[in-house]
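These notes are about the structure you will find just below.
The values are calculated or read from the model by the stated rules, or taken from the named source; none is laboratory data. Since we're looking at a predicted model, the values are computed, not measured. Glycine gets a Cβ as well: all are built from the backbone with ideal geometry, and neighbour counts include every protein chain shown. Please note that ligands, DNA and RNA were not included when accessible areas were found on the heavy atoms of the full protein model with its side chains. Shrake-Rupley method; radii C 1.70, N 1.55, O 1.52, S 1.80 Å.
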Amino acid sequence: MEAKVQKKHQRKHSGRKAEKKSRKQNEQESDARKRNPRAFAVQSAVRMARTFHRTQDLKTKKHHIPLVDRTPLEPPPIVVVVVGPPKVGKSTLIRCLIKNFTRQKLSDIRGPVTIVSGKKRRITFIESGSDISSMIDLAKVADLALMLIDASFGFEMETFEFLNICQVHGFPRIMGVLTHLDSFKNNKVLSKTKKRLKHRFWTEVYQGAKLFYLSGMVYGEYQTQEVKNLGRFISVMKFRPLVWQTSHPYVLADRMEDLTDPETIRQDPKCDRTVSLYGYLRGTYMKNKSQVHIPGVGDFAVGDLSFLPDPCPLPETLKKRALNEKERLLYAPMAGVGGVVYDKDAVYIDMPGGHVKQQDNAGPTTELVQSLIGTHATLDSKMAASKVSLFSGTAALSQDDVEEDSMQQPTESHVWDPKTHRERRKAVFTGEEEEDDHDDDDDDEEEEEEEEDEEYNEEDENEVEIEKTDPPMKRLKLEQRKEMEETPAFADSDDELEKSEDDEEDEEERGTGNGDSGHCSEDNDDDYGSEEEISDMEEDVASGTNGQRSKASSGQEEEDEEEEDQSYSTAGSLRWKEGLAEKAAEVFLRQQRAAPNLRKLVYGTVVEEEEEEGEEDEEVGGLFRVSRPEKGKRRRADGLDCSRFEPDDSHDWEQEEMLASIRDCFVTGKWEGNTDAATLLKEDDEIYGDFEDLETGEVHKAPANNDDDDQAEGGSDLDHEDEEEPQVKVDDTEAQKNKRLEKKKRLKERFDAEYDDGDATYFDDLKEEMHKQAELNRAEFEDVDDETRVQYEGFRPGMYVRLEIPSLPCEFVTNFDPHYPIILGGLGGSEGNVGYLQMRLKKHRWHSKILKTRDPLILSLGWRRFQTIPMYHIEDHNGRHRLLKYTPEHMHCGASIWGPITPQGTGFLAVQSVSGTQANFRIAATGVVLDLDKSVTIVKKLKLIGYPCKIFKNTSFVQGMFNSVLEVAKFEGASVRTVSGIKGQIKKALRTPAGAFRATFEDRLLMSDIVFLRSWYPVTVPRLYNPVTSLLLPAGQKDTWTGMRTVGQLKHDLGIRNQPNQDSLYKPVVRQPRKFNKLHIPKELQKALPFKSKPKQTQPKARTPRDLQRPAVIREPHERKVAALLSALSTVYNHKKKASRVKQHTAHKEFLKQKDRAEEEKMRRLKDVKKKMYQLMGQKEKKKQKSSLKGASKD
């Protein structure tokens, strides 16, 4: 029988028991503090203050200087740069992250890949190559850098180089990713390697920098959970704005199109190209026609800048927790992903061959595309074969029938337009030329402008549209009216409509009429139905709205129109005359209500780009155009126009109710309580009371009877206490005074409570101020549509823009490689100029060689990469900038270059070469820009040498230093020196020889002395600015750009050996012995010298007197024999003694040899004994271990 499962006890969450238990638990927690309050009291005030200061310091260290948040509501995608050495797994990681976010596989990573990662975030992934140029360019635009490190190999130079590049150009967020961890078989080695790499990474970035571990690969991809964690970190990461990025607009191009005319390319394949580049605008606002720099290409002016629909938009609704499959967008045009591509004048749809063949299964979304692909006849041939019936009951007309009665075919003439700077193809009509002969010069100019607006299409298409299907009645009227101007029947933009309206008004003032109103839209078609009624209605409105025509002429025209209508219409076509006045008034009111462009009314002119932008919005699919003059966005944005009179009979201003409705809009009306003038004056009297005018001495007293009235009427402004006080008149001035004081006190308390924050700090106030500024920035143009907003503030960050750049080198297009990034960096006002720059520079401590002055160096400064020749110098204590031949080893020095003007404080880095990969560290130096002028004069030392030709005591004549009297005159008073250290001064030039001068010295010179003059010579900075044009090189050779070579490289490449300077060679020094004269000290000076320094008079030794000399001894013959014998004996003894000493020494040496041999033999025997003993001990130990193991196993 199964045991009964006992139900678990459920703790009560409410009721008496639960309350009792919670109360008891709270008492236990606070019981210790109650039982022993002294244990929790402050034991040491000093320690408490120290702890408090430490916590405050730690809290303050986390603070950053608050910056104004300028990110738009729809920020651009975050740029994530994947960096690392070759074969470390960069492409694999990008593919895995794309699959994690979008559930799609991308085979080839080429160019930027933009994805939607969340409800409010998009990410652009881009892979950085190992060449230094790509790393430098991408470090300037990166928001996050993923640094891939091969854990099995360790850190490589590319990692440290990229870190140093980031430190110079503004440090983005950096995350490390360790790969190839599956190559470690031992877990202990793996953990040690992880720890070592992590701490080294922290040393380079910052303590606690995030380092991810990708443990291994499964089927060629990283593990799903690890990639998911990495993607989660990327999705929630916050970014701090970098100074250079937030102050400059830039575009990371993800698409490139060549717009050059194919015929021009066929005639000249090397011609400059017109290219359109697409991408998200980042940084700050960009204006049209501004200057941009493309790193690797050069500086260019933007020909046209426009915004397009976002190809990778964020999801519209934010209610869902996660994105659905349709919202997980992927946009990578360079990699061939993204089916529909929007252009300014076209829509490109990527239809692979497999999809085109499946025509039977074509869905409704591709029917239009399939019909366009499968068509056999062109649009022109279809239009030529079509027939149109203008009136009901009449025969259909073909194009041939219309062309017989229509105006003459226009002829084409090429006209140069100075406004748009292009050659326009003008359609010239003979009928218009005849009409122009009768008009004035002013009318000619106006008609030409309007004809250009009508007849020319967009600039990119460069085609001519000609209307040939006017009704016959309209055509006859065109021939009759010689004075009539043409206005667009279907306007391409609102500005054309406004031009036609203004021209109508101008002609009304001159007394001439206009044939068409120009307001023809879809609404008009719906109102009037047929083309016949539209054309007739336009003519009647034009004749009816002209206020300055005479009645006789208008009546005559109406009769003419009636006759023409009878001749061209059927019996039932007279219905259009019914309600003619009401229709004319309605059209006139609609024309007045159509709000014009306010900028045209204020400034008088409208830029032509506005018309083109208006035309863009009217295009459908880049093929068809719909004219909606009244429904455009600009109509809603401009709103009410007060500069035009709009007749409106809906308000009767004689009625009392209508007058009362606007009475409070004037000063005399009843305003709100807090803005009414009378109420404000009363409050002032109550608050401030009596006062005395100090200039006139007049005393002003507040009315006494107003206090209670004010309290009863305006009591809502004060506390409720004021309302509850009784309304009693008090005549006593003391009571009134006390009452006013209480009211002031309450007001002050309320003010303090509203504005005084108890715990608020300066940092909080600063953050609040920045937040308010950000809200103001967002709210300024929040309700304005994009087209109008762009004209005032420029193109804002986050927009997907199209930049048309003319005059790009043809190599940019022919050698285009999507693996290299294309960045369009916006330039400031003066950043397009080139001039002198003063910098502070330091050679990188890891670079192997010191840098030499006048050796070309490649700098990365701002957006640019260019080669220049720096001059290194150092500032002396007296302010002189002395030229240095080489950079100091561990110290900063100054550098002057000729290069592009860049704001002060901008960091830069220098490399000696960008071609290929080098074995050593490639970054040669780093630094910062100090000044932008030529105020620093660099000087170098110059030594002039001369020789004395005549010597007169302390004065000497020196020659060989100068060549003329004029040169000597320039250096009069200069100090000179001899090699021996005697200082002197130049006095005056001599007549002969030329260049000789007289100089005085501290001491008398010798003819062998050498005199030299130390002078400073100004050095000019070489003017070399050579941009690095690496993107123009052929594919596969973009990392082989070489500029100017150094002198050493030239000599090495050309095999030139340095010819040594003969004066610099070391030679044996041959000096003639010199005889110096004896030092002569005058006797007077000897007396003054101390005894130690006085010359000592050494007397020569006197001869020994004869009596003290030893007498010569004359021996006897016997004594001589004895002395000779003793001498012989001593000689024999010395010989024997010497021989015995030699013998003893030889014997001792032999003894030492024998002793060494015996010692060696003894040590050998001892070694053998020890060896045997250790062998026995080892065997015994092994037996003991075996026995212990046997015993353990048995147990």
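Looking across the stretch 179-200, the residues that are among the polar types (S, T, N, Q) and either surrounded by fewer than 16 Cβ atoms within 10 Å (Cβ to Cβ) or touching a Pro at 6+ places or on another chain (Cβ under 9 Å) (or both) come down to S183, N186, N187, S191.
Out of curiosity, is A969 farther than 26 Å from I874 by Cβ, open to solvent by less than 60 Å² (accessible area, probe 1.4 Å) and touching a helix residue (DSSP H, G or I) at 6+ places or on another chain (Cβ under 9 Å)? No.
For every residue, the table says whether it meets (1) over 30 Å from V275 (Cβ atoms); (2) in contact with a helix residue (DSSP H, G or I) (Cβ under 6 Å, 6 or more places away or on another chain); (3) polar (S, T, N, Q); (4) open to solvent by 30 Å² or more (accessible area, probe 1.4 Å).
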position	(1), (2), (3), (4)
E787	no, yes, no, no
G794	no, no, no, no
G826	no, no, no, no
V834	no, no, no, yes
Q838	yes, no, yes, no
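Go through the residues of the stretch 84-103 one by one and say whether even a single one is under 23 Å from the mean Cα position of the chain (by Cα) and in contact (Cβ under 8 Å) with a residue 60 or more places away in the chain. Explain how you work it out, then say what you get.
To start, the set of residues in the stretch 84-103 that are under 23 Å from the mean Cα position of the chain (by Cα) comprises 84.
Filter once more, keeping what is in contact (Cβ under 8 Å) with a residue 60 or more places away in the chain: 84.
Yes, some residue in the stretch 84-103 is under 23 Å from the mean Cα position of the chain (by Cα) and in contact (Cβ under 8 Å) with a residue 60 or more places away in the chain.
Checked against the criterion of being buried (at least 23 other Cβ atoms within 10 Å of the Cβ) and either touching a Pro at 6+ places or on another chain (Cβ under 6 Å) or more than 23 Å from P249 (Cβ to Cβ) (or both), the candidates T853, T868 yield just one match: T868. Within the stretch 1087-1121, the set of residues being open to solvent by less than 100 Å² (accessible area, probe 1.4 Å) and either of a type in the set (F, W, Y) or at pLDDT 90 or above (or both) comprises A1088, L1089, P1090, P1117, E1119.
Considering the stretch 885-900 alone, what residues qualify as being part of a loop (DSSP other than H, G, I, E, B) and buried (at least 19 other Cβ atoms within 10 Å of the Cβ)?
Selection gives T887 alone.
Residues in the stretch 79-89 that are of a type outside the set (A, V, I, L, M) and open to solvent by less than 20 Å² (accessible area, probe 1.4 Å): G84, P85, G89. Checked against (1) surrounded by fewer than 16 Cβ atoms within 10 Å (Cβ to Cβ); (2) assigned to a strand (DSSP E or B), P903 passes all but a single condition, namely (2). Of all residues in the stretch 233-269 being farther than 25 Å from L281 by Cα and not in a loop (DSSP other than H, G, I, E, B), which is least open to solvent (accessible area, probe 1.4 Å)? Across the stretch 233-269, the extreme among qualifying residues is I265.
S276 fulfils the conditions (1) among the polar types (S, T, N, Q); (2) open to solvent by 30 Å² or more (accessible area, probe 1.4 Å); (3) assigned to a strand (DSSP E or B) except for a single criterion, (2). Of all the numbered requirements in (1) at pLDDT 95 or above; (2) farther than 30 Å from H890 by Cβ, V928 misses one, and that requirement is (2). Scanning the stretch 99-151 for residues that are part of a helix (DSSP H, G or I) and not charged (D, E, K, R) returns N100, F101, T102, I132, S133, S134, M135, I136, L138, A139, V141. Inspection of the stretch 201-212 identifies no residue that is without any contact (Cβ under 8 Å) to a residue 60 or more places away in the chain, in a helix (DSSP H, G or I), loosely packed, with under 13 Cβ neighbours inside 10 Å and not hydroxyl-bearing (S, T, Y). Tallying residues that are out of contact with any Leu (no Cβ under 8 Å at 6 or more places or on another chain) and open to solvent by 10 Å² or more (accessible area, probe 1.4 Å) within the stretch 153-168 yields 6. For the condition surrounded by fewer than 11 Cβ atoms within 10 Å (Cβ to Cβ) and either of a type in the set (S, T, N, Q) or part of a helix (DSSP H, G or I) (or both), what is the one hit in R11, R38, R95? So the residue among R11, R38, R95 that is surrounded by fewer than 11 Cβ atoms within 10 Å (Cβ to Cβ) and either of a type in the set (S, T, N, Q) or part of a helix (DSSP H, G or I) (or both) is R38.
Is the stretch 1009-1030 home to any residue that is over 30 Å from L857 (Cβ atoms), part of a loop (DSSP other than H, G, I, E, B) and not basic (K, R)? So far as the stretch 1009-1030 goes, yes, one or more of its residues are over 30 Å from L857 (Cβ atoms), part of a loop (DSSP other than H, G, I, E, B) and not basic (K, R). Could we say that P1068 is surrounded by 10 or more Cβ atoms within 10 Å (Cβ to Cβ) and assigned to a loop (DSSP other than H, G, I, E, B) here? So P1068 does not fit the description; no.
Looking only at the stretch 908-957, count every residue that is open to solvent by 60 Å² or more (accessible area, probe 1.4 Å), in a loop (DSSP other than H, G, I, E, B) and of a type outside the set (S, T, N, Q) and tell me the total. Of the residues in the stretch 908-957, 5 are open to solvent by 60 Å² or more (accessible area, probe 1.4 Å), in a loop (DSSP other than H, G, I, E, B) and of a type outside the set (S, T, N, Q).
A search for C-beta distances below 9 Å between a residue of the stretch 184-195 that is within 14 Å of S215 (Cβ to Cβ) and of a type outside the set (F, W, Y) and any residue that is open to solvent by less than 60 Å² (accessible area, probe 1.4 Å) and in a helix (DSSP H, G or I), counting only pairs 6+ apart in sequence or on different chains, returns L190/L181; T193/L181; K194/L181. Scan the stretch 279-302 for residues that are open to solvent by less than 20 Å² (accessible area, probe 1.4 Å) and either closer than 14 Å to P809 by Cα or not in a loop (DSSP other than H, G, I, E, B) (or both) and the total you get is 12. Reported count of residues in the stretch 1008-1034, each being out of contact with any Phe, Trp or Tyr (no Cβ under 8 Å at 6 or more places or on another chain) and open to solvent by 30 Å² or more (accessible area, probe 1.4 Å), is 8.
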